[in-house]
Amino acid sequence: TFVRWRSAGTRFTLGTQNIAWGRTDEIQPIDRLSRTDLNRFILDSIPERRRAVPALRLEQFFDTLKVDLVWVPDLQPAALPPYESLWHPVDRVRGRIIGNQDTAATRFLVQNGTFAEDKHGAGGGGVRVTDSANGIDWGLSLQRVRQSTPYYRINPDLRAPLLLGATPAMALASVTGPTFTAIHPLSTVAGAELEFQGGGATWRFEGAYTADSPATTQDLRYITVAAYDAVAGVEFFPGDKETRLTLQLAAHRLDTEEFLQERKLNYYLTGDIEHPFAQGRWRANLRFVNGLNYRDNYITPRIPSLRTDNHEFYLAGHIFSGDSQALGGFHQDHDLVSLGWQAKF
C-alpha cells in the first residue's frame, strides 16, 4: 500500500514497497534494504524470500541514468518462523545457532538460555546510481542500513565467569538479562554492479564492502569487522535451445586477525537449471548451492512442474548436507519431499 507522485523524470513513493537492489541470483550482496522472509529458510527462490518495507523513495531519471534515494524510517526485522520450526536459525533442541561454531559451552547456553530481540531504530537508507547505455548496465550504491536478518549477540557478562573456569550452568546462573539478543547493527555498505551480454550469454557481477559487519570472537567478545562480498554470474541457453542455465560464483570474507565463532572465508557455487517442454506447460528445474572451500550442499529438484494460467503444481525435493558450521550441515536432518500448489492472483 503506497501513495505515488509522478512527473517528467521524477517518481516519489511513500508507503510499503518492494526495494530489491542488485542484479545477481541467489546471493545478492547489495540487497540490504529489503526485508528477508526466513519462514521457509532458502526453500524458495529469492523473489519469494523478500517482503516489502515501509519507506520513502525518490527516483530521478536522466535519459539512461537513474538516481534512487531510499529511506526506511523504522526497522523491519526478518520474518522468522517460531523457535519450534525446523527453519528457525536457532535450534533450541540441539543447542545450535546457524553458522556458529558448535561447542559444549555454546550448546548448553542455547539450550538453557533466553532470547530477546533489539529491533529499535530506523531501518536506514541509501542511494543508488544506475545507467544503461551501449549494452552495458552498471550501478554504484552507498547504504547506511540495518540488515533485517538477525545477528545473535551473547550476553557480555557471561565472558568473565566462563573465562575464569566456571561451568556454563554456573555462568548462566550468575548473570541477569537475556543470554542472547537478536540485534540489527547499523552497517555502512558500498556496492558496485555490472551486467552485459556477450558470447551468447548474460554476465552479471556484484560486489560489496561492509565497513562494520558483526562477529563474535572465540572468547565470546562481540566485535564488528570489515567484510567483502563478490559474486560473478552467467545465464545462457546451451545450444540455443530452451534449457536455461544460471551459474554463480560467490565469495564472502571477514577481514580480521581475530579467531571467530564464524568462518572468515566462504566460497560458493550456485546454479539454476530449467527445461520447459510441452509448449511450456511442463518444466523440470534443479537449483543448488554448494560450498567450495568446505562441505556445504543444498539441492532442490522440481520434477515435473505443471503450469496453467495462474497456477503451478509441482513435486519437489530438498536435500541438505555439510559440516557443523555450514548451512547444509545445520539442516542435514531436514531433508524433505513436497507436493505443492502455488497460485498467483
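The values are calculated or read from the model by the stated rules, or taken from the named source; none is laboratory data. What you are looking at is a predicted structure, and each value in this text was computed from that prediction instead of being measured. Reconstructed Cβ throughout: ideal geometry from the backbone, glycine too, with neighbour counts over all protein chains shown. Note: accessible area is taken over every heavy atom of the protein model, side chains too, but ligands, DNA and RNA are not part of it. Shrake-Rupley method; radii C 1.70, N 1.55, O 1.52, S 1.80 Å.
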Counted charge near GLY199, where neighbours are those whose Cβ lies closer than 13 Å (Asp, Glu -1; Lys, Arg +1):
-2
Listed highest first by mean packing, meaning other Cβ atoms within 10 Å per residue, what order do 332-344, 153-165, 18-30 come in?
18-30, 153-165, 332-344
For ARG6 and GLN342 in one chain, what is 0.36 nm times their gap in residues minus the Cα-Cα distance, to one decimal in nm?
117.5 nm
What Kirkwood Rh does the stretch 70-151 have if only Cα atoms enter the pairwise 1/r average? Answer in Å.
15.9 Å
Counting only other residues whose beta carbon sits under 12 Å from that of ILE154, what net charge do I get with K and R as +1, D and E as -1?
+1
The summed charge of the THR10 Cβ neighbourhood (under 15 Å; Lys/Arg +1, Asp/Glu -1) stands at +2
Of every Cα-Cα pair in the stretch 180-334, the percentage lying beyond 22 Å is 58 percent
With bins 5 Å wide starting at 0, give me the P(r) of the stretch 117-265 over every alpha carbon pair, in whole percents.
2, 8, 13, 14, 14, 13, 10, 8, 6, 5, 3, 2, 1, 0
Specify, per residue and in Å³, the volume enclosed by the convex hull of the alpha carbon atoms belonging to the stretch 293-342.
79 Å³
Mean accessible surface per residue for the chain, computed with a 1.4 Å probe while every protein chain stays in place, in Å²:
50 Å²
Determine the share of the chain's accessible area contributed by carbon and sulfur atoms, expressed in whole percent, with a 1.4 angstrom probe.
58 percent
From phi via Karplus (6.51, -1.76, 1.60), per-residue ³J(HN,Hα) for the stretch 129-142 in Hz, x at Gly/Pro:
10, 10, 8, 10, 7, 6, x, 10, 10, 9, x, 10, 9, 9
